[in-house]
Structure formats: structure tokens, C-alpha cells
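Have a look at the structure below before the remarks.
The values are calculated or read from the model by the stated rules, or taken from the named source; none is laboratory data. Every value quoted in this text rests on a predicted model; they were computed, and no experiment measured them. Here the Cβ positions follow ideal geometry from the backbone for every residue, glycine too, while neighbour counts run over all protein chains shown. What goes into the accessible areas is simple: the full protein's heavy atoms, side chains included, and nothing from ligands, DNA or RNA. Shrake-Rupley method; radii C 1.70, N 1.55, O 1.52, S 1.80 Å.
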Amino acid sequence: YDNSYYFPASRTGFVLTQEKIYAGIFRDKFRGQASSTKLREPTIDFIQTFADIKMGKYNWQQKDTKQTKELINFLETNIIKGSIKENTTEQDYTNYYLSVKNKKIDLHMASSATLETLPFIVFLKNTRDITKTFFIIEEPETHLHPKAQIQMAKFIVMLSNAGAKVLVATHSDYILGEINNCIKRYE
């Protein structure tokens, strides 16, 4: 696969504290100490990829294909009830915020459902070819109301139907039930 994206169950924490995690690692290295940050390699990959995207390292020419636009629109309409906007600094560093009815909401003030969904939108916007991408999603139901869990399951089905490979680890009967319903309806 061109890309393999791992989405840990603790997406919210990593989205909000990414800069602090890096600061702690660099502080420890500067002092000549072993890092006190103990993270698994897939989680480190998630944080690194998110940081690379924010720093503009994924500036590909072909972005936002029709498929990715539909997937992003689905998440924004059915789960977030707003849209994720980008604010790029002069140094090509990207910050994200939630826009609801033309109001700018800082991520620290956004719902945990928004923060759990944000990485999917950010990664999709920076995926060159969805058919060559492997999504590993841990607990997609995290911080989602049961109705939103059903929408997340539909998103997972749409992602698979778009040609992506998807592996999901879940405890949610809502997620599993909706995926089964989609299979029964040949979606």
C-alpha cells in the first residue's frame, strides 16, 4: 500500500497534546535522558503522520478527489455537524478548527466526537490514492453517541466501497450491526 494509516483509540488526546508530546521528547533528548514517553510504534506513526500533514509534508498535487470529498462531507454532515477548516501559517504549518454556522471554534472547545473524527478528515484530505490505502481503525465508536456510531459504520462501509482496505477493532454492537446491515443490503 502507498499509505497505511493507524487510528488509535486515544485520537482525541493525541490531536490536542501533540505539540506537548514532542516538546517532552525533545526536552528529554536535549538533557541526554531517555524519553519518559512510552508509546507503541503504531501510535508514534499516527502522531508523526499527523505532524507531517500539519507541517505541509503531504503537499501532493492530486488531493480531494470526488471520493474523498464525499467521505469528508459525510463525516462533517452526519457526525460533526459542521466542517473542519484549515488555517495555514506563513511557515506552512497548518492548524485546524471547527466551523459551525460561520463560527470558528478552537479544537480545545470542540466536542470529543469532533476530535475523534478530525483525524479521518485530515488524513483523507492528504491521501493521494484511496485505493492504495490501508486504514486500521481502533475503536471507531470512541466518544460517539449510538446514532453517530451507526453513521461511523456507514462511513467505514463507504471507505471500503471506495476501494480502501479497512481493518476495524471495535466493541460496539452498533458498529457491527450497521456493517452487517449494509452487507445484507449489498452496500
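Treat each spin label as a single point 7 Å out from the Cα along the C-beta direction, and report the Tyr93 to Arg40 distance in nm.
The modelled label-to-label distance comes out at 3.0 nm.
Quote the FRET efficiency, to the nearest 0.05, computed for Ala51 versus Lys103 with a Förster distance R0 of 25 Å and r equal to the Cβ-Cβ distance. Working shown, then result.
Working: r = 27 Å, r/R0 = 1.09.
After rounding to 0.05, the efficiency reads 0.35.
Give me the accessible area of Asp92, 1.4 Å probe, in Å² rounded to the nearest 10.
90
By how many nm would the segment from Lys147 to Ser83 grow when fully extended, if each residue of separation counts as 0.36 nm and the alpha-carbon distance is taken off?
Values: separation 64, 0.36 × 64 = 23.04 nm, distance 1.88 nm.
Between Lys147 and Ser83, full extension yields an extra 21.2 nm.
Does region 64-175 classify as rounded, prolate or oblate by the C-alpha gyration tensor (a ≥ b ≥ c root eigenvalues; a/c under 1.5 gives rounded; else a/b over b/c gives prolate, otherwise oblate)?
Values: a/c = 1.88, a/b = 1.23, b/c = 1.53.
Note, shape of region 64-175 comes out oblate.
What number comes out for the charge environment of Leu98, summing +1 per Lys or Arg and -1 per Asp or Glu over other residues with Cβ under 14 Å away?
+1
Which of the GluC sites (Glu not before Pro) found in region 90-140 are in a DSSP loop and have at most 11 neighbouring Cβ atoms, other than their own, within 10 Å?
Details: sites: Glu90, Glu116, Glu138; in loops: Glu90.
For GluC sites (Glu not before Pro) across region 90-140 that sit outside H, G, I, E and B with at most 11 neighbouring Cβ atoms in 10 Å, the list reads Glu90.
Give a quick list of chymotrypsin sites (Phe, Trp or Tyr not before Pro) in region 111-187 that DSSP marks as loop, anything other than H, G, I, E or B, with at most 12 other Cβ atoms within 10 Å. Walk me through the intermediate numbers first.
Values: sites: Phe120, Phe123, Phe134, Phe135, Phe155, Tyr174, Tyr186; in loops: Tyr186.
Filter output for region 111-187: Tyr186.
Taking a 1.4 Å probe, which of Thr68, Thr89 shows the most accessible area, and what order do the others take after it?
On the way: Thr68 5, Thr89 45 Å².
If we order Thr68, Thr89 from most to least accessible, we get Thr89, Thr68.
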